[in-house]
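Asker: Can you read through this structure? Questions will come right after.
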Amino acid sequence: MIETAQFEIKKTDKSRISEVDFSNIPFGKVYADHMFVADFKNGEWQNMRIEPYADLSISPANATLHYGQSIFEGLKAYKNKEGEILIFRPEANAKRMIVSAERMCIPPVSEEFFMSALSELLKLDSAWVPNEPNTSLYIRPVVFADDPYVGIRPSETYKFLIFTAPVGAYYSEPVNVKIETKYTRAVAGGVGYAKTAGNYAASLYPALQAQKEGYHQLIWTDGQTHEFIEEAGTMNLLFYINDTLVTAPTGDSILDGITRDSVLTLARDWGMKVEEKRLSVKELEEALKKGEVKEAFGAGTAATIAKIHKIGYNGTDYVLPEEKPLADKLFATLDKIKLGEIEDTHGWVYKV
Ligand code: COI
């Protein structure tokens, strides 16, 4: 275990918590009182501290600003009836951040270090974990290059931060998505599987075009042929076709979503037919035409289970049935597991 005694803790003089309306929290705009910070220099993580949440000062030549050498994670904490803080699958996020770090030439944050930093921060800001229905404390760990150097090479210095935000729903209504066959989010051999800044930047322009047509998000297709369904950028995608739950297999162009994995695990527990397969746009289109797509939904930490209302492809909108019993059951079950209200048979919940 990392010696948390070596974390220097500087508490805020004045908590901002009384300014927050916990019954009406927008996603990602309100931040808790403290943040964890560590610096990587001379080949090691050091100067580990918790300090008041505040702006950072960086060089105009900061390598991340120019070249995007940064990675992040997203996870959530909940408060159970006893007031204890429960984090959903944090070890999985820690492991995924190591995978992202390797691809982006960033020094890894060990699972042990990640967990210690997270626990200490949440102990200090436990009052910020909301307990209204459909709320949580969203946790954003991020590691970014910190060299003030405009040449191209992996940075020699980095910052690791964890800050948190009480949040409500990411999508407030079922989403409309469009199958994208012109622009590309990720390619084989690229960085699509890494949770890195550029993946999100690259998706902004195509998503904006779709938003002008009334869609919330895109269904990305593979970069080579645009014939196979991948993910939505903000979430993985699942389709309940006839009696089978279908999703794209993870690989180098798809994020290995933790909510995705949780959904597949529950569906298998329930004896459902689950297929992780390359679903072609053609197959999906035919199933949509025949009314065989009973439900479609996204799965992500921020998005949770985001029901899909309609899917646009080639100028046609396919509206899905309003009733989505599977999505509802998955959402409710995950919610109960996260809140410690039903047995956590997979060891997903970490108590701070
Ligand atoms: C998350 O689900 O945690 C993400 O990082 C996705 C982002 C759209 C907020």
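Asker: Which of the residues spanning region 177-211 are among the polar types (S, T, N, Q), open to solvent by less than 60 Å² (accessible area, probe 1.4 Å) and in a helix (DSSP H, G or I)?
Answerer: Selection gives Asn199, Ser203, Gln209.
Asker: Something else about it: Just for strands (runs of 3 or more DSSP E) wholly inside region 1-110: which have at least 3 residues that are open to solvent by 20 Å² or more (accessible area, probe 1.4 Å)?
Answerer: Ranges flagged: 44-52.
Asker: How many residues are within 13 Å of the ligand (Cβ to nearest atom) and surrounded by fewer than 24 Cβ atoms within 10 Å (Cβ to Cβ) when one looks only at region 222-237?
Answerer: Here the count works out to 1.
Asker: Of all the residues that make up region 199-221, how many are more than 13 Å from the ligand (Cβ to nearest atom), under 20 Å from Gly300 (Cα atoms) and among the small types (Gly, Ala, Ser)?
Answerer: 1
Asker: With Gly43, Gly28 as the choices, which residue is at positive phi and over 20 Å from the mean Cα position of the chain (by Cα)? Full working, then the answer.
Answerer: Working: Gly28 fails: over 20 Å from the mean Cα position of the chain (by Cα).
Within the list Gly43, Gly28, the selection yields Gly43.
Asker: Restricting attention to region 146-166, does a residue exist that is without any contact (Cβ under 8 Å) to a residue 12 or more places away in the chain and not in a strand (DSSP E or B)?
Answerer: yes
Asker: Residues Asp269, Asp243, Asp252: which one is surrounded by fewer than 18 Cβ atoms within 10 Å (Cβ to Cβ) and in contact with a Gly (Cβ under 7 Å, 6 or more places away or on another chain)?
Answerer: Asp252
Quick grid of which residues meet (1) under 23 Å from Leu339 (Cα atoms); (2) modelled with pLDDT of 95 or more; (3) more than 21 Å from the chain's Cα centre (by Cα); (4) not hydrophobic (A, V, I, L, M, F, W, C):
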{"residue": "Glu73", "(1), (2), (3), (4)": "yes, yes, no, yes"}
{"residue": "Lys79", "(1), (2), (3), (4)": "yes, yes, no, yes"}
{"residue": "Glu112", "(1), (2), (3), (4)": "no, yes, no, yes"}
{"residue": "Ala117", "(1), (2), (3), (4)": "yes, yes, no, no"}
{"residue": "Ala127", "(1), (2), (3), (4)": "yes, yes, yes, no"}
{"residue": "Leu137", "(1), (2), (3), (4)": "yes, yes, no, no"}
{"residue": "Tyr158", "(1), (2), (3), (4)": "no, yes, yes, yes"}
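Asker: Would a scan of region 135-151 turn up a residue that is surrounded by fewer than 21 Cβ atoms within 10 Å (Cβ to Cβ), of a type in the set (Lys, Arg), within 16 Å of the ligand (Cβ to nearest atom) and within 23 Å of Gln46 (Cα to Cα)?
Answerer: Yes, region 135-151 contains a residue that is surrounded by fewer than 21 Cβ atoms within 10 Å (Cβ to Cβ), of a type in the set (Lys, Arg), within 16 Å of the ligand (Cβ to nearest atom) and within 23 Å of Gln46 (Cα to Cα).
Asker: Looking at Val274, Val293, Val281, Val263 in this structure, which one is among the aliphatic types (A, V, I, L, M) and open to solvent by 20 Å² or more (accessible area, probe 1.4 Å)? Explain how you work it out, then say what you get.
Answerer: Values: Val293 fails: open to solvent by 20 Å² or more (accessible area, probe 1.4 Å); Val281 fails: open to solvent by 20 Å² or more (accessible area, probe 1.4 Å); Val263 fails: open to solvent by 20 Å² or more (accessible area, probe 1.4 Å).
On inspection, the qualifying residue turns out to be Val274.
Asker: Just checking, does region 299-314 include any residue being touching a His at 6+ places or on another chain (Cβ under 9 Å), open to solvent by less than 20 Å² (accessible area, probe 1.4 Å) and closer than 12 Å to Phe239 by Cβ?
Answerer: Scanning region 299-314 turns up no residue that is touching a His at 6+ places or on another chain (Cβ under 9 Å), open to solvent by less than 20 Å² (accessible area, probe 1.4 Å) and closer than 12 Å to Phe239 by Cβ.
The values are calculated or read from the model by the stated rules, or taken from the named source; none is laboratory data. Note that this is a predicted model, so its numbers are computed, not measured. Reconstructed Cβ throughout: ideal geometry from the backbone, glycine too, with neighbour counts over all protein chains shown. All accessible areas refer to the heavy atoms of the entire protein, side chains included, with ligands and DNA or RNA removed. Shrake-Rupley method; radii C 1.70, N 1.55, O 1.52, S 1.80 Å.
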